[in-house]
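The values are calculated or read from the model by the stated rules, or taken from the named source; none is laboratory data. Given the structure is predicted, the values throughout are model-derived calculations rather than measurements. Virtual Cβ from ideal backbone geometry, glycine too; neighbours counted across all protein chains shown. Keep in mind that these areas ignore ligands, DNA and RNA; they rest on the heavy atoms of the full protein, side chains included. Shrake-Rupley method; radii C 1.70, N 1.55, O 1.52, S 1.80 Å.
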Amino acid sequence: MRSIHYAQDDDVIFDLIVKKTKSQFYPVVLAGGRGTRFWPLSRKRRAKQLLALDGNQTMIQQTVKRLLPLAPPSQFWVITNGDCCSEIFRQLPRLPKKQIISEPKGMNTAPAIGLAAFILLRENPDAILGLFPSDHVIRDEDTFRDTLRQGAEIAATGENIVVLGVRPTRAETGYGYIEAGVEATNGALRVRRFTEKPDNEKATQFLQAGNFFWNSGMFLWSARTLTNALREHLPKTALILEKIAATYGTSKFPATLRKLYPKCENISVDYAVLEPRSAKGEQASNIFCLPADFGWNDLGSWTALHEHHTSKRPSSDGNLISSDGIFTLHAQGNYIHSPKKFVAVVGVKDLVIVETHDAILITTRERSQDVGKIVKYLDEKKLHKLV
């Protein structure tokens, strides 16, 4: 953060805004996913967000580190599950343990962020909550934080909701889309509507239109704004979350959470709040989109991971191999993870091969999105050691 230069009024105002934003900003990190498309490396107790897929730090460690300049550790919240909780305690020792909450049952993003909002509403109704997945990659972290500062200021002004939208680079069918309208006086774009994952034809239309953005899953809003929106659009769940939040900080909280939380509706915050709110119209919904021009990647599959690494370190053959020794011959575009073995790759292209101590995955980069179906099969067959 910059220091205040009293000789320049603009700098003084800027730094006061930044300091106020930091005192009011509460990052809420969602870390309850299983990362099934990264099987066999990702497992229940060591899910994708707990793996070091992009450097020496794990995905959740990177998420918290890039947000620390905006808020002290005491203002972080993590919503996870019982399988990952102890490992998150270990990986994030600076965060208060009482603010790392384990869902007794996974109920999607609306109850998760809603619980944090109702708890913070009792302590600081003006708190600005930032919702962040725990397993994304951000290349330009300075621009990322500048965008969040701008978003936090917008969220603090009235009943505003801010979503970070990523400019599409291809006709992607795996993301939800945001249709943006006119630019508002606050510098953001007003949101017309949210669209769930489209087919290829519609995704191509969105790309060509030029005013559609990928939904990054990152949002900003005040505790008051979000809780009011949940009361309006998801009243049954809002009432349950309010009852749970009333016991936070007391000995009754764990039992109340276990008893009531599974009664919440299993629904994403997109469906629960953003879509019905956007239906009020571009001018009335007070939903704003800030373009996320900071090198975002959700690393949604082994293929996405391969593309991310090879874009950072291009090679002539496009192979990305983690092994104890390598030989390649007429092999191109392969992702291979077998860190304890010598790997020889001859005459194949675009394969994904991942070895762990008890399993081997072999697929193609084109079909790597289907890896999650393996985990579904393993669950059905009760092969618990492999999940």
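Residues in the range 47-73 that are touching a strand residue (DSSP E or B) at 6+ places or on another chain (Cβ under 7 Å) and outside any helix (DSSP H, G or I): ASP54, ALA71. Considering (1) at pLDDT below 95; (2) under 24 Å from the mean Cα position of the chain (by Cα); (3) of a type outside the set (A, V, I, L, M), the lone condition that GLY281 does not fulfil carries the number (2).
Here LEU131, LEU189 are screened, and the one residue that is within 20 Å of the chain's Cα centre (by Cα), hydrophobic (A, V, I, L, M, F, W, C) and more than 23 Å from HIS308 (Cα to Cα) is LEU131. Annotation note: Cβ proximity below 8 Å between a residue of the range 188-216 that is more than 19 Å from TRP296 (Cα to Cα) and of a type in the set (Val, Ile, Thr) and a residue that is open to solvent by less than 20 Å² (accessible area, probe 1.4 Å) and in a helix (DSSP H, G or I) (sequence gap 6+ or interchain) occurs for VAL191/SER278; THR195/PHE206.
Failed condition for ILE267, given (1) part of a helix (DSSP H, G or I); (2) modelled with pLDDT of 95 or more, with all others met? If we test ILE267 against (1) part of a helix (DSSP H, G or I); (2) modelled with pLDDT of 95 or more, just (1) comes out false.
To keep it simple, each residue is scored yes or no on (1) open to solvent by less than 10 Å² (accessible area, probe 1.4 Å); (2) in contact (Cβ under 8 Å) with a residue 60 or more places away in the chain; (3) of a type in the set (Lys, Arg).
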| position | (1), (2), (3) |
| --- | --- |
| LYS44 | no, yes, yes |
| PRO69 | no, yes, no |
| PRO72 | no, no, no |
| ILE79 | yes, no, no |
| SER86 | no, no, no |
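With respect to the stated conditions, ALA284 is over 28 Å from TRP77 (Cβ atoms) and surrounded by fewer than 20 Cβ atoms within 10 Å (Cβ to Cβ).
The numbered conditions (1) open to solvent by 70 Å² or more (accessible area, probe 1.4 Å); (2) modelled with pLDDT under 95 are all true for SER23 except (1). Taken together, ARG139, ARG122, ARG224, ARG170 contain a single residue that is basic (Lys, Arg), under 18 Å from the mean Cα position of the chain (by Cα) and either open to solvent by 30 Å² or more (accessible area, probe 1.4 Å) or modelled with pLDDT under 95 (or both), which is ARG139. Among the residues of the range 345-361, those identified as over 15 Å from SER42 (Cα atoms) and either loosely packed, with under 12 Cβ neighbours inside 10 Å or modelled with pLDDT under 95 (or both) are VAL346, GLY347.
Could you check the range 178-208 and list, in sequence order, the residues that are at pLDDT 90 or above, more than 17 Å from ALA292 (Cβ to Cβ) and open to solvent by 40 Å² or more (accessible area, probe 1.4 Å)? Across the range 178-208, the qualifying residues are VAL182, ARG192, ARG193, ASP199, ASN200, GLU201, LYS202, THR204, GLN205, GLN208. Would you call ALA246 at pLDDT 95 or above and either surrounded by 21 or more Cβ atoms within 10 Å (Cβ to Cβ) or within 20 Å of LEU129 (Cβ to Cβ) (or both)? For ALA246, the condition - at pLDDT 95 or above and either surrounded by 21 or more Cβ atoms within 10 Å (Cβ to Cβ) or within 20 Å of LEU129 (Cβ to Cβ) (or both) - is met.
Per the conditions (1) open to solvent by 40 Å² or more (accessible area, probe 1.4 Å); (2) touching a residue at least 40 places away in the same chain (Cβ under 8 Å); (3) within 25 Å of LYS341 (Cα to Cα); (4) among the aromatic types (Phe, Trp, Tyr), the sole criterion not satisfied by TYR271 is (3). Residues in the range 249-264 that are in a helix (DSSP H, G or I) and open to solvent by 70 Å² or more (accessible area, probe 1.4 Å): ARG258, LYS259, LYS263. Of the helices (runs of 4 or more DSSP H) lying entirely inside the range 271-387, those containing at least 3 residues that are within 30 Å of GLU179 (Cβ to Cβ) span 275-278, 302-312.
With respect to the conditions (1) surrounded by 18 or more Cβ atoms within 10 Å (Cβ to Cβ); (2) in contact with a strand residue (DSSP E or B) (Cβ under 8 Å, 6 or more places away or on another chain); (3) in a helix (DSSP H, G or I), ALA238 falls short on a single one, namely (2).
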